[in-house]
Amino acid sequence: MEFQFPQGFVWGSATAALQIEGATREDGRGDSQWDVFCREHPERIWQQATPDLACDHYHRWAGDVALMKALGHTGYRLSIAWPRIIPDGTGAVNEAGVAFYRRLFAALIEAGIEPNVTLYHWDLPQPLARAGGWENPATMDAFLRYARVCFEAFGDQVKLWATFNEPSWSTLNGYVTALHPPLKHDYRAAVQVAYTLMVTHARTVALFHGLGGDGKIGIVQNMCPVYPATDSPRDAEAARIADAVYNRWFIDPALLGRFPEDAVELYRRNHILPEMRREDLDMVAADSVDFIGVNYYFPHYASADATETLFGLNTSGNRDEDCHFSIKGLFKFVRNPKGRYTDWAWEIYPPGLRDLLARAHRYRPGLPIYVTENGIGAQETLDADGTVDDQYRIDFVREHLEVIHGAIADGMNVRGYYMWALMDNFSWLNGYKKRYGFLFIDRETMRRVPKKSAFWYREVARRNGF
Ligand code: BGC
């Protein structure tokens, strides 16, 4: 075997509650901002898809755990739906919601699959969203209470926790590109929310450690590496700024205990810096995550040639349609003319993963790192023989695993890999068109069909390498 992984390396896959559970109105679950967004803006989502049924995991969880076991998983990353635990965000705890996750965690543990649980994967309870969402400081308090409820209800079962999934991506899409709820294009709000999320994260870590359990807590970040588009000094500067607002604003507080000075300066100059209270900064400084989760899909290339403000996500699945992210006068992301691209125009660039693992290692040498998401979206149908021959997914995962193997050989403490995703799911604006799973979901029958990649991964997990 060429790539042997360390003993105990976690072989898993990932999902998020809203994307797979369905049963959005069952057993007392409240609305999240995404349920309402899908209802109010069906035109923004491919084929007006909704998360109402999703993968019907809420009813099929036992079979799904059995499939994970059959595929040799030793870990599974999932998220808890806040509106299932506290339906209106602040009121009574919904015991049926708690019972659902307790059953699920018990089945996973019984199957030898360690749960890695994210508290927040974007499904903010709607009453909190209506009251201003993360712009309203009350949301921070509501989240801390929700986190405490979860730690107390599941702490005996769950030993790996993450506070937020990709605070950078949800802030940018919620408050800059206006593609995700609350559909705002408001830089001041964006910076305020980005600040609040990181302070909330730090307070949650402190709360968790204060409870004194034996679990570990971290955060899951999408650390898209940003490279200059050319070797001009202007593009180098554009890449530095893009990295500051896109990555370092979120990574630095979590791993270094402070907000990056250059971004603070930029926001101050533009009069959009929120009040940074001493007590918040002390919280951030004290933040001591036990691990970092890294989501990696693609890198960015920044150009200084940003003459307009323009945002657009490829939702067509046509690889010639570019994604747009350009902030006038600051930076614009451009395509790599030499890059390999997926059907959604996301570049396939495994060395980018190496760069961000190296950054995490540089920031906090030896800190355990999990690759909490990595995968490839494609349009897929069942072959005539009733399977999916997704060789491209095998190639994609193998190339990234080779990078992880090299990083471990060089002393980085990478503990596990969670492929996105266990199953095809509700892929936000792309609805059910963009398929990511090891398991193909037949949308008519909800039948799960393991793709070729699932069998390949089973062998990798069994042999602890390839
Ligand atoms: C998110 C997932 C999402 C995936 C693929 C990540 O940014 O965490 O929820 O489905 O990207 O689009």
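The values are calculated or read from the model by the stated rules, or taken from the named source; none is laboratory data. The shown structure was predicted, so the numbers you read here are calculated from the model rather than taken from an experiment. Glycine gets a Cβ as well: all are built from the backbone with ideal geometry, and neighbour counts include every protein chain shown.
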query = Between residues in the stretch 156-178 that are closer than 23 Å to residue 116 by Cα and residues that are of a type in the set (Asp, Glu) and more than 11 Å from the ligand (Cβ to nearest atom), which pairs lie under 7 Å by C-beta distance while being six or more apart or on different chains?
reply = 159/214; 160/114
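Please tell me if residue 353 is under 19 Å from the mean Cα position of the chain (by Cα) and either farther than 20 Å from residue 421 by Cβ or within 14 Å of the ligand (Cβ to nearest atom) (or both).
On the way: under 19 Å from the mean Cα position of the chain (by Cα): yes; either farther than 20 Å from residue 421 by Cβ or within 14 Å of the ligand (Cβ to nearest atom) (or both): no.
Judged against the criteria, residue 353 is not a match.
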request  = Looking for whichever is surrounded by fewer than 16 Cβ atoms within 10 Å (Cβ to Cβ) and either within 15 Å of the ligand (Cβ to nearest atom) or closer than 18 Å to residue 173 by Cβ (or both) here; the options are 26, 40, 21. Which one fits?
outcome  = 40
ask   = Quick check, is residue 248 more than 16 Å from the ligand (Cβ to nearest atom), buried (at least 16 other Cβ atoms within 10 Å of the Cβ), basic (Lys, Arg) and farther than 15 Å from residue 333 by Cβ?
value = yes
note = Per the filter on the stretch 369-391, residues within 16 Å of the ligand (Cβ to nearest atom), closer than 23 Å to residue 426 by Cβ and of a type outside the set (Asp, Glu) are 371, 372, 374, 375, 376, 377, 378, 379
task = Select, from 202, 190, the only residue that is in contact with a helix residue (DSSP H, G or I) (Cβ under 6 Å, 6 or more places away or on another chain), closer than 19 Å to residue 34 by Cα and more than 16 Å from the ligand (Cβ to nearest atom).
result = 190
key: Filter result (crowded, with 17+ Cβ neighbours inside 10 Å and among the β-branched types (Val, Ile, Thr)) within the stretch 328-384   = 334, 342, 348, 369, 371, 372, 376
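Residue check: is residue 380 within 20 Å of residue 341 (Cβ to Cβ), out of contact with any Pro (no Cβ under 8 Å at 6 or more places or on another chain) and not in a strand (DSSP E or B)?
Numbers: within 20 Å of residue 341 (Cβ to Cβ): yes; out of contact with any Pro (no Cβ under 8 Å at 6 or more places or on another chain): yes; not in a strand (DSSP E or B): yes.
Yes, satisfied.
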inquiry  = Let me spell it out: the conditions are (1) over 26 Å from the mean Cα position of the chain (by Cα); (2) surrounded by fewer than 19 Cβ atoms within 10 Å (Cβ to Cβ); (3) closer than 22 Å to residue 359 by Cα; (4) not hydrophobic (A, V, I, L, M, F, W, C), and residue 235 meets all of them except one. Which number is the exception?
reply    = (2)
task = Run residue 64 past the list (1) over 29 Å from residue 317 (Cβ atoms); (2) surrounded by 15 or more Cβ atoms within 10 Å (Cβ to Cβ); (3) of a type outside the set (Gly, Ala, Ser) and report the number of the one that doesn't hold.
result = (1)
query = When you go through 395, 343, 410, 383 one by one, which is the residue that is touching a residue at least 12 places away in the same chain (Cβ under 8 Å) and charged (D, E, K, R)?
reply = 343
query = Restricting attention to the stretch 62-76, does a residue exist that is among the polar types (S, T, N, Q), outside any strand (DSSP E or B) and out of contact with any Asp or Glu (no Cβ under 9 Å at 6 or more places or on another chain)?
reply = no
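Wholly within the stretch 228-327, which strands (runs of 3 or more DSSP E) include no fewer than the required count, namely at least 3 residues that are at pLDDT 95 or above and closer than 30 Å to residue 341 by Cα?
Values: elements: 291-295, 300-303, 310-312, 324-327.
Counting at least 3 such residues, we get 291-295, 300-303.
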message = Looking only at the stretch 8-61, how many residues end up being in contact with a helix residue (DSSP H, G or I) (Cβ under 9 Å, 6 or more places away or on another chain), under 24 Å from residue 139 (Cα atoms) and not in a loop (DSSP other than H, G, I, E, B)?
response = 10
ask   = Among the listed residues 32, 13, which satisfies the condition of being out of contact with any His (no Cβ under 7 Å at 6 or more places or on another chain) and within 16 Å of the ligand (Cβ to nearest atom)?
value = 32
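Residues in the stretch 317-327 that are surrounded by 15 or more Cβ atoms within 10 Å (Cβ to Cβ) and either of a type in the set (Lys, Arg) or on the phi > 0 side of the Ramachandran plot (or both): how many? Before you say what the answer is, go through the steps one by one.
In the first step, residues of the stretch 317-327 are kept if they are surrounded by 15 or more Cβ atoms within 10 Å (Cβ to Cβ); the result is 317, 321, 323-327.
If we keep only those that are either of a type in the set (Lys, Arg) or on the phi > 0 side of the Ramachandran plot (or both) too, we end up with 317.
Final tally of qualifying residues: 1.
Could you tell me whether the stretch 382-389 includes any residue that is under 18 Å from the mean Cα position of the chain (by Cα) and modelled with pLDDT of 95 or more?
First pass over the stretch 382-389, keeping only residues under 18 Å from the mean Cα position of the chain (by Cα): none.
Within the stretch 382-389 (the criterion being under 18 Å from the mean Cα position of the chain (by Cα) and modelled with pLDDT of 95 or more), the answer is no, since none of the residues qualifies.
For (1) closer than 28 Å to residue 162 by Cα; (2) assigned to a helix (DSSP H, G or I); (3) of a type outside the set (Ser, Thr, Tyr); (4) within 16 Å of the ligand (Cβ to nearest atom), each residue gets a yes or a no:
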residue	(1), (2), (3), (4)
399	yes, yes, yes, no
402	yes, yes, yes, no
411	yes, no, yes, no
418	yes, no, no, yes
426	yes, no, yes, yes
429	yes, yes, yes, yes
445	no, no, no, no
461	yes, yes, yes, no
key: Failed item in (1) surrounded by 19 or more Cβ atoms within 10 Å (Cβ to Cβ); (2) touching a Gly at 6+ places or on another chain (Cβ under 6 Å), with residue 414 passing the rest   = (2)
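Tell me the residue from 212, 257 that is touching an Asp or Glu at 6+ places or on another chain (Cβ under 8 Å), surrounded by fewer than 22 Cβ atoms within 10 Å (Cβ to Cβ) and on the phi > 0 side of the Ramachandran plot, please. Reasoning before the result, please.
Values: 212 fails: touching an Asp or Glu at 6+ places or on another chain (Cβ under 8 Å).
Every option except 257 fails the conditions.
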